[in-house]
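Data first, discussion second: the structure below is written as structure tokens.
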Amino acid sequence: MRTLSPPLNLVITTDAVGGVWRYALDLAGTLKGRALAVADDAPQVVEPLLIGLGPRPSEAQRDEAYEAGVALDWIDRPLDWQVEAPEALSESGRALAAAVTAAGADLVQVNNPPLLPFLPAQLPRIAAAHSCLSTWWQAVRGETPPLNLAWHGAATARGLAASDAVISPSHAFAAAMTEIYGPVPDLAVVPNAAVPVMAGRKRQVALAAARWWDPAKNLTVLDAAAEGALWPLEIAGPLEGPGSSGSGGGAPCPVHVTHLGSLPHRALRARMAEAAIFVSLALYEPFGLSVLEAAGAGAALVLSDIPTHRELWDDCACFVDPHDPHAVRDALDGLVRDPAALGRMGLLATTRAATFSHARQADAMLAVYARVLARHTADRGDAAP
């Protein structure tokens, strides 16, 4: 019988601003205590540590990490998309490198690819790409970023090229990245996952949740679609962002939707459990965790007709032109007028959501980790005298 080796110290970077927090926390919690075997070596127990940058997590977020049994460290440096120049990015990168070294990391998963090249080159480094400024600009603005932001695309390209493997949450986003940056090393598509939301008694309401300060979330069209709709439309999430170079700022104050504010995750899940319909009119969405959570709660989905939504939710959602508020309203009202269709679409969404399990995600990530570690082990062996 093989005995376990010392723990594998896995560092996962995160932020407290959007979906990366949920992704990183849930992944770390699922991986904690899992065994990872590389070739014929004895398995190692994974011991994850989250290292965050950017605005500090709320008390509720810190409580989530504590309850998940996941260690959390924080660096008071801005995220890559919050800085205005390469010099500031370098400062964040050096601070991250110091924290990773102090943690004694054996493997690092960087959820901010521009920061990856600052980490020690001898360390196995995986880039998990959840979004990027260049693909965002292309999808939302229909053009390449302006010249004053070109450095950020170059930084992302360097991060992807320097990684030992790249993770994308969808084939659609992987295609968008390779179209801009070209082929990247060991590109693996590993869909995100979510803890199922226990469906409650459904209310006659549609729900949407996002960082509304991001123009990609398309609040203006959503608000227009809510005018005159048969059921009220509630939205959760912040209207004001932490500031960014290019994609942040603030959203226009909505008129026809009911703004619930920024809800703690548990409160948002409770809203999802009750919502009969969930709406996302995103113009840019590498995956869409909120859609997955709402689908798991049995909400019928009304989604923008973009490649990611088609890939993940084809045949179990109503797809609409995200630029046409009248078409969105017609789709919402059509479900309201046809309770049988509403129930059928909710069931289809729930069935599809069940395929995005944390266990399946963890198995796929462990396979990527094992490949990367095996290559590093082989490289060290080749370099030995």
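The figures follow:
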quantity: Conditions (1) surrounded by fewer than 20 Cβ atoms within 10 Å (Cβ to Cβ); (2) under 22 Å from the mean Cα position of the chain (by Cα); (3) part of a helix (DSSP H, G or I): number failed by residue 319; calculated: (3)
quantity: Answer residue from the stretch 215-259, given it is modelled with pLDDT of 95 or more and of a type in the set (Asp, Glu) and is nearest to residue 156 (Cα to Cα) among those; calculated: 223
quantity: Tabulated pairs, the stretch 328-349, first in a helix (DSSP H, G or I), second charged (D, E, K, R) and crowded, with 20+ Cβ neighbours inside 10 Å, C-beta under 6 angstrom, 6+ apart or interchain; calculated: none
quantity: Residue 294 being farther than 23 Å from residue 312 by Cα and hydrophobic (A, V, I, L, M, F, W, C); calculated: no
quantity: The stretch 190-224: number of residues that are open to solvent by 40 Å² or more (accessible area, probe 1.4 Å), farther than 18 Å from residue 306 by Cα and under 18 Å from the mean Cα position of the chain (by Cα); calculated: 3
quantity: Out of 11, 38, 45, 17, sole residue that is under 20 Å from residue 362 (Cα atoms) and within 24 Å of the chain's Cα centre (by Cα); calculated: 11
quantity: Matching residues, the stretch 175-226, being of a type in the set (Phe, Trp, Tyr) and in a helix (DSSP H, G or I); calculated: 181
quantity: Residue under evaluation residue 382, criteria (1) loosely packed, with under 15 Cβ neighbours inside 10 Å; (2) farther than 18 Å from residue 194 by Cα; (3) modelled with pLDDT of 95 or more; (4) among the charged types (D, E, K, R), criterion not met; calculated: (3)
quantity: Which numbered condition residue 147 misses (of (1) open to solvent by 10 Å² or more (accessible area, probe 1.4 Å); (2) touching a strand residue (DSSP E or B) at 6+ places or on another chain (Cβ under 8 Å); (3) of a type in the set (A, V, I, L, M); (4) free of Cβ contacts under 8 Å to residues at least 60 places away in the same chain); calculated: (2)
quantity: Meets criteria (more than 18 Å from residue 214 (Cβ to Cβ) and small (Gly, Ala, Ser)) for residue 304; calculated: no
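The values are calculated or read from the model by the stated rules, or taken from the named source; none is laboratory data. Since the structure is predicted, the reported quantities are computational estimates derived from the model, not experimental observations. Virtual Cβ from ideal backbone geometry, glycine too; neighbours counted across all protein chains shown. Ligands, DNA and RNA are stripped out before the accessible areas are found, and what is left, the full protein with its side chains, is counted by its heavy atoms. Shrake-Rupley method; radii C 1.70, N 1.55, O 1.52, S 1.80 Å.
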